[in-house]
1. Counting each pair of different Cα atoms once, what's the Kirkwood radius of segment 137-275 in Å, rounded to one decimal?
2. Name the residue, out of Gln96, Gln153, Gln50, whose mean-square fluctuation peaks in a Gaussian network model built on the chain with Cα pairs under 10 Å.
3. Tell me, what is the percent relative contact order of segment 36-86, built from C-alpha pairs under 8 Å that lie six or more residues apart?
4. For segment 131-197, state the semi-axes of the equivalent ellipsoid (square roots of 5 times the eigenvalues of the alpha-carbon gyration tensor), sorted largest first and rounded to whole angstrom.
5. Can you give me the accessible area per residue for the chain, using a 1.4 Å probe, in Å²?
6. Note down the relative contact order for segment 137-275 as a percent, whole number, built from C-alpha pairs under 8 angstrom at least six residues apart.
7. Which aspartates and glutamates, if any, have their Cα less than 18 Å from the Cα of Lys294, not counting same-chain residues under 8 positions apart?
8. Give the whole-number value, in cubic angstrom per residue, of the convex hull volume spanned by the C-alpha atoms of the chain.
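The values are calculated or read from the model by the stated rules, or taken from the named source; none is laboratory data. Since the model is a prediction, treat every value here as computed from it, not as a measurement. Cβ placement follows ideal geometry from the backbone for every residue including glycine, while neighbour counts extend to all protein chains displayed. Keep in mind that these areas ignore ligands, DNA and RNA; they rest on the heavy atoms of the full protein, side chains included. Shrake-Rupley method; radii C 1.70, N 1.55, O 1.52, S 1.80 Å.
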Amino acid sequence: MRKIKIFLLIGFCLLLTGCQKEDVKENTKEITIGFAQAGTESNWRKVQSQSIKEELEKQKYQVMSRNSFSDPKQQYQDVMTFIAYQVDLIILSPIQEIGWEPILEEAKKAKIPVIIVDRNIATNRTDLFLTHIGSSFKAQGGRAGLYVTNHYQKIEKETINVFEIKGTENSSPTRLRHDGFTETVGRDPRIKIKETITGDFIRLKAKEEFSEAIKANKLNNIDVIYSHNDEMTLGALDALEDHQLENKFVIVSIDAQKEMIELLKQGKVNCVVECNPFMGELVANTVKRYFDNKTISEDIYVSDTVFSDQNSLSTIPPRNY
Ligand code: AHR
């Protein structure tokens, strides 16, 4: 009888352990994180990568990173490689928002949790990832639009024409920075997006596309240049210089890299909406919360600010990217 009791007790203990998260690893050194990075298209991206890797390494996780250099197909493969390798958790900084459901379904089958950072993915399936950590791109677009509406509020002008430089197609910042901007400027019926190019968030690509627009006389009657990131704004400025054209435009940019803040201080651009790349600490804390079996919010927002010629520029803290 006593033997049966001991046997039942052992069975009960085993059952309890079995109910807990599988493969719980006490030591972070034994935990391997797969980090799938989108590319190297901007200084912003390099700093974002560095911030995430540094904070994970501070917590002594093993980090395996793969960079897909702006190639969406490569990035799907990179995540599949992490799944095949059976990493303990995947951090995905996606290029595009589309195409992720079947891949994340595989991760789910393999019981590998996924955290999405920076750009988001298009899905209604909240069971496919733990959380999204990043900026509100729609709010950034809205802030850019708000600068433009405020700027023209007291200026008498029949039409205000905007030249929009968009980022990568099918990416969440491109879609939402456009939506946020149009929603806000929509309050002033004089403001219209007259021309659009796609610069892929890359300086050289934007420079080439903008040069073509200059040659096709698409800059005539343009008042505002709204660019989805600083690298592309720099490309447009390069093109203006190459064509020896005067910069007579109101320029609004997103990211707030060092070079753009400098141009803002020199009065060469008017407004820079920050996209904060320092998300590493939030990412590492979220990973830790997951392995500590603590609750995780569905969306974790990174806070951003706005710098413009409507505010004091002397207080902008120095930045290193
Ligand atoms: O996804 C965030 C955007 O990607 C940043 O604004 C841009 O610089 C980067 O390439």
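1. With all distinct Cα pairs of segment 137-275 included, I get 14.6 Å.
2. Result for the chain, Cα springs under 10 Å: Gln153 fluctuates most.
3. 48 percent
4. Over the Cα atoms of segment 131-197, the semi-axes work out to 24, 14, 7 Å.
5. The answer is 51 Å² per residue.
6. This gives 26 percent for segment 137-275.
7. Glu22, Asp23, Glu26, Asp88, Asp127, Glu281
8. 149 Å³
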